1. If you take the residues of segment 459-476 that are within 23 Å of Tyr427 (Cβ to Cβ) and in a loop (DSSP other than H, G, I, E, B), which of them is farthest from the chain's Cα centre (by Cα)?
2. As an exercise: evaluate Val374 against (1) out of contact with any Asp or Glu (no Cβ under 7 Å at 6 or more places or on another chain); (2) within 13 Å of Asp329 (Cβ to Cβ); (3) surrounded by fewer than 22 Cβ atoms within 10 Å (Cβ to Cβ) and give the number of the one condition it does not meet.
3. Look at His293 and say whether it is more than 30 Å from Leu484 (Cα to Cα), in contact with a Phe, Trp or Tyr (Cβ under 9 Å, 6 or more places away or on another chain), open to solvent by 10 Å² or more (accessible area, probe 1.4 Å) and outside any helix (DSSP H, G or I).
4. Of the conditions (1) of a type in the set (A, V, I, L, M, F, W, C); (2) modelled with pLDDT of 95 or more; (3) open to solvent by 20 Å² or more (accessible area, probe 1.4 Å); (4) touching a strand residue (DSSP E or B) at 6+ places or on another chain (Cβ under 8 Å), Leu553 fails just one. Which one is it?
5. One residue is enough: does segment 125-137 have a residue meeting the conditions within 30 Å of Gln700 (Cα to Cα) and surrounded by fewer than 15 Cβ atoms within 10 Å (Cβ to Cβ)?
6. So which of Asp248, Asp232, Asp305 is touching a Gly at 6+ places or on another chain (Cβ under 8 Å), charged (D, E, K, R) and closer than 30 Å to Val507 by Cβ?
7. List, please: which pairs have Cβ atoms under 6 Å, are six or more places apart or on different chains, and start with a residue in segment 431-442 that is open to solvent by less than 10 Å² (accessible area, probe 1.4 Å) and end with one that is modelled with pLDDT under 95 and aromatic (Phe, Trp, Tyr)?
8. Going by the structure shown, is Ser699 surrounded by 19 or more Cβ atoms within 10 Å (Cβ to Cβ), in a loop (DSSP other than H, G, I, E, B) and modelled with pLDDT under 95?
Amino acid sequence: MCMLNTIKDLWQRTLVALGPSIAGWKGATRALWLLWAGLILMLLVTDIWAKGSTSRLIGFGAFVVAMAVISFVTAMALRIISAIRPSYRTAFLFALLPSTLLGLLVGGMPGGLFFALYLILTVSFLFGSWAALRNGQGQLSRIYTFVFLAAGAAMAAGLIYMAMKPVEPLNPTLENYTLEDLTLPLADPGAKGSYAVSTFTYGSGEDRHRPEYAEGVRFKTQAIDGSKLIDDWDKLIGWNRSRYWGFDATELPLQARVWMPEGEGPFPLVLIVHGNHSMEDFSDPGYGYLGEHLASLGYIFVSVDENFLNGSTADMIDPIKGGISEENDARGWMLLEHFKLWQTWAGDPDHPLFGKVDMGSLGVMGHSRGGEAVAVAAAFNNLDYYPDDATLAFDYYFNIGAFIAISPIDGQYHPREDQTRLKDINYFVIHGAMDGDVSSFTGASQYSRIEFSPGSANTKASLYVAGANHGQFNSSWGIYDTGLPYGWLLNTRDIMSVESQEKIARVYFTAFLEAMLNGKKEYLPLFADARYGAAWLPDNYYINNIKRGEAHLLATFDEDLDPGTGGGEGVRIMGARLTKWRESLPNLKWNPLDSMVAVVAWDQKVETEPGEFEVSWSQGFLPLDESMSLIFSASALNEGTKPKDWEAPEESAEAKPDATQDDESEKPLDWSIVATDAAGQTATLKLSDDKPLHPQLKSQTSRLPLFSSNKSSEVVMQRFALPLAGFAKVNDAFDPSTLVSIRFVFDQSPSGVIALDDIGFELTTTSGYSNVLED
């Protein structure tokens, strides 16, 4: 102790000796005040006086006052901090970083920082007051101590209450919702098939941690060099990762678990790859429920091991970089390398798998970062060179007929600093509203960036599932979407059962593979509307969207800058009595959706007559008849319906609305849809003849919503379809073959604001069999 005091005394003397004198401090202070005044005067003379504008002078004065206030507040904060004991300041800073990291997983920034400060102050008030009471205080000090003790206890109680209390119903319009049964007359795609299933693994034969990839492999494989696609597997991080795995980025193993139907074959081949999870907590076994199911139906199902590309606390050996980066392109590339491996086996007459694999019928699936890897694989499959380093040649061009993304991330990989843009592929993306990891439906943007050539037979579809989380699509990950202890702060009470979530996965993934690989297009209505699989699915709320290359689209709102034109010569768009009308990128929870939509609002308090939105075209522009349906996608928006310049008229007390009445924005929306033919005959259906448009689906993934900066809902586009035969049914004189306009008349809901997209027509058998056609 004596030695420590001596060192401390020496340090303080050194600081005093090296620091300026009191006179020096005063001189520096006067100089800074003169600098401030000189800079203000210089700006005043050169920018204000020279321009001679009183408006500029007023603005400049306000700016100077604002700077002064900020400086004063900052100075006071520093004075308060300097008054705090140095030992507490040190402890505060040490506690701040881990508390903020915990808070970031609770709800991002700035909510995470708010949580950290709340937690630190709660602990400080409680234990500081308790220690003060133990040591004895004067009467006044005891009063202050009890005040702080009470404050700490209240803050702790508030934290516990928030964590334990049930979540209030967030979607009142769905409380009594039941999925209507319009089940297709087809086999249940979620039912087990007739094939017996065998399993095996292939890999390096030298895996350090898993015997199934060491002595347990059925087929040994050669490593591949992925160093050009992975950043930062070097230096400290590379040393520590290679120390665990026994290899580096130049020797990545091709390893996987296989579920295989027992039979002659050849069978379609489907790969799946996991996403980012702790690399020591292996993710590839977690899709066994899909492997058993799909193999029983005649698919070879392969769960690819890419755990060595995942993150780990081990990477924090370099806390600045924190891990390898830019590896999602490697995830996608490795999927194609696995296909190449299977192609070699399938073409080798001496290999046990010869004749078992149909290399003309391939599918690929991915979860989380693996979901983005699916899109990367789709892009790389049709390239001759790696876009970021053309010294790496590609030679794939596999016939991949189905791409499935499960709760994918988007934008972790940017080819040539751009987004991944795809064309003429079959793509399905699914996302859960209770996803506590990828909490935004980012896969909707990748969906939007897939384009079709005119007349393309390809399909893209999306599904947003109420109650589904991130982890339960992988049985190894489970209910916690982040690792413990962070997962304890997630709201797991509102997550659907793992059995329900796996059932949804089996039904939808199988139906998509059957439609795209086995030609069973009769399953496509399921992707337009979950009601067509109600008997196969859990009773739940689903939001479907679908777009086919064969559809005839009049307006995608990505065509040009003019809101009044559509997607073809002579296609016109008009609005009347709308309070808002624009084309823009709607917001997801994290980023804007990568697709323009038409934003349309109406409000009968502003315009007493119903607003209208019309799309018209020249007769004969589209080949239409009663076999087709009007299609479009829509979503409610969380913004006001009033125009910016609107002022409410003065109302008497009797005329003022009752404050207890329901908020119109929380009710399902409905409107009339008027079809007009070339002879002027009209026929009208309502949106609700298909289904109403519900408010945005809200979810609360955190147990501590007070500290969450995440939005509770986002735009999710939903598919609507109304058969032209249904319009003809309400007016015998109406001729669908000469249809020249569709008009949305907003006469059923007093107000609303919506996003519209992809207005057009397609065959009714693809869109589904609407209630409109039933007697």
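The values are calculated or read from the model by the stated rules, or taken from the named source; none is laboratory data. Bear in mind that the values here come from a model prediction, so they are computed numbers and not experimental data. A quick note on method: Cβ atoms are made from the backbone with ideal geometry, for glycine too, and the neighbour counts reach across all protein chains shown. For accessibility, only protein heavy atoms count, side chains too; no ligands or nucleic acids. Shrake-Rupley method; radii C 1.70, N 1.55, O 1.52, S 1.80 Å.
1. Step by step, filter segment 459-476, then rank; the result is Asn474.
2. Every condition holds for Val374 apart from (3).
3. no
4. Unmet condition: (2).
5. no
6. None of the other options fit; the residue is Asp305.
7. As it stands, the answer is Ser440/Trp590, since those pairs meet every condition given.
8. Working: surrounded by 19 or more Cβ atoms within 10 Å (Cβ to Cβ): yes; in a loop (DSSP other than H, G, I, E, B): yes; modelled with pLDDT under 95: yes.
For Ser699, the condition - surrounded by 19 or more Cβ atoms within 10 Å (Cβ to Cβ), in a loop (DSSP other than H, G, I, E, B) and modelled with pLDDT under 95 - is met.
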